Amino acid sequence: MSLTNILILVGFSLAIFIFSKFDRTHKLRNPLLLVLSTGVIFWLQPALPIRGLDFWLPIATLALVALGWVLTSKPEERNPRASLITGALVIGAVLVIALTRYLDMTGIITPSRPPQTLSVIVVLTAVAMVLFLSYILLKGKSSLPYIVGVTILLVIFAALKLPVLAEWLSGLLRLWSGQSRELASALDLRWLGFSYIAFRLIHTLRDRQNGRLPAMALDEYFIYMLFFPAISAGPIDRSERFIKDLRQPFIPSAEVLGAASKRLVIGLLKKFVIADLLAMIALNAVNAGQIHSTGWAWVLVYAYAFQIFFDFSGYTDIAISMGLLIGIKLPENFNAPYSKPNLTQFWNNWHMTLTQWFRAYFFNPLTRALRSSKNPVPVWAVILITQLATMTLIGLWHGITINFVLWGLWHGLGVFIQNRWSDWTKLLSARIQQKPFLNKVVTIFTTLLTFQFVALGWVWFALPSTDLSLQVFGRLLGMGA
């Protein structure tokens, strides 16, 4: 997001903060958040070359969220009247946005002119009918909603992240909209916030299957899924924690405003000063092929390592500051990850909500399955399989390319080796810890070693092709310089 977009969102958050001072009944915050979050997904959606797609993708987001609620909410927990009011607010917001096509407001709310209003009404009606049928057909089922929901999300994810499939789908959509199929590109399908919404949907589907999901009204579910401070880059909040904050009466205070302001300033400095300055010399596809010295190669790699940290952690600070102004305490995402003495601790402190999500919904279930199988798998093999599989999936979440797979395998093998080394050297570590000076020296060494490993891993992450990555590794080792 641009600085202008962020400042406007901060303005929205501040408006809710001020409005909450006069909302003595504490009943107007949810409707306001619902309408704002609905509008923001249209406003932040990037402009796309396929006609009307940057309007239909937010519609698809709303449909997926509504379907998620249908699949996860229990019939006895539903309030038909409240649900109808929520549906009317969302549909009303969409129709108001659609009507801006007649006001020459392109670029203010939507990136391009909205489609014909009749088309929007027809699509909204069709979506409502599908949701109603889903409720009737899937009512009372236990595992089927989870299977249906996750299957839909995985198919969409593959269509967006796999370049070949994305380009084919782009060509199909271009043909449908009467545009040239020859110009199709995988970049035509940029769907705002889909990855983070998918994580939240899978979280609620899985917790519903396990009986751990708290009861949520339709408006609460929409707000949780579309919460505008975290829609584009997280953090990934858990529903039970989010809903607890949402249901608490929010009383604005000078302390809250001060804490939010401090976090906002820190976030803006990280993202738009430090990260943007580092981006001028950070490793990328353009300068990777222009490196002619080993020294500059290391400068570019280190610059990228710190640029991605300050960029991402800066946005997290901004999102948390906006959440505070609304009365929602979003979870922390970073805790000085580059200062950790081993790779396991690095991942426990880098993008923490992502790591925790994969641990809860993939790593732990896979570990339990391997350990409880009829033919027990050796401990070392369990650790190797689970680490490689988890880190590879995290890589694929960023994009279905060879380089992201290699980045995942790099970290999966790294965590496995570090885990085995720690297990083999337990007695030695215990002796070292009894000697403060030696322990400090070893900690400094392992911290630098961990950072070096992570920084080198970013080469796979930052570049689009394996050949270019190997070329950079060669430069780093003084080959071809």
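Before moving on, here are some points about what is shown:
- Sorted ascending by nearby beta carbons within 10 Å, beginning with the fewest, Met479, Met352, Met105 become Met479, Met105, Met352.
- Taking a ≥ b ≥ c as the square roots of the Cα gyration tensor eigenvalues, region 61-190 comes out oblate, since a/c reaches at least 1.5 and a/b does not exceed b/c.
- Taken along its three principal axes, the alpha carbon spread of region 196-341 comes to 59, 41, 30 Å, from the longest extent down to the shortest.
- Computed from label points 7 Å out along Cα-Cβ, the spacing between Met280 and Arg181 is 4.7 nm.
- Tensor-based shape of region 337-481 (alpha-carbon gyration tensor, a/c under 1.5 rounded, otherwise prolate or oblate): oblate
- Straight-line cross-link reach from Lys262 at under 24 Å between alpha-carbon atoms covers these lysines, not counting any fewer than eight positions away in the same chain: Lys21, Lys270, Lys271, Lys329.
- Computed FRET value (nearest 0.05) for Ala360 with Gln434, which takes r as the C-beta separation and R₀ as 45 Å: 0.80
- The order of Thr25, Thr390, Thr125, going from fewest to most other C-beta atoms within 10 Å of their C-beta, is Thr25, Thr125, Thr390.
- Point-to-point label distance, Thr294-Thr4, nm (Cα→Cβ direction, 7 Å offset): 4.7 nm
- Förster radius 22 Å - calculated FRET efficiency between Glu255 and Ile18 (Cβ-Cβ, nearest 0.05): 0.90
- Net length available on complete extension from Ile108 to Ser465 is 124.8 nm, with 0.36 nm assigned per residue and the Cα-Cα distance removed.
- Membrane-span-like helices in the chain, defined purely by DSSP H runs whose alpha carbon atoms cover 27 Å or more axially and whose average Kyte-Doolittle hydropathy reaches 1.0, are 3-22, 53-72, 80-99, 117-137, 294-326, 379-398, 436-462.
- Segment Asn287-Arg368, extension gain: residue separation times 0.36 nm, minus the distance between their alpha carbons: 24.7 nm
- Ranked for footprinting exposure by Cβ neighbours inside 10 Å, fewest first, His411, His26 give His26, His411.
- Estimated inter-spin distance, Leu84 and Leu477, nm [label 7 Å along Cα→Cβ]: 7.0 nm
- Separation of alpha-carbon centers, region 428-478 and region 297-338, rounded to whole Å: 21 Å
- Computing mean projected area of the Cα convex hull in nm² for the structure here picks out one of [x] 27.3; [y] 32.7; [z] 25.3, namely [x].
- Put the Cα centre of region 341-413 next to the Cα centre of region 1-50 and the gap is 36 Å.
- Contour minus Cα-Cα distance for Ala126 and Arg241 (0.36 nm per residue): 38.0 nm
- With K and R counted +1 and D and E -1, the other residues having a Cβ less than 15 Å from that of Trp357 yield a net charge of +2.
- Cα-based shape type of region 162-231, given that a ≥ b ≥ c are square roots of the gyration tensor eigenvalues and the cut on a/c is 1.5: prolate
Laboratory data are not the source of any read-out in this text; all were calculated from the coordinates shown. Since we're looking at a predicted model, the values are computed, not measured. All Cβ positions, glycine included, derive from the backbone under ideal geometry; neighbour counts span all protein chains shown.
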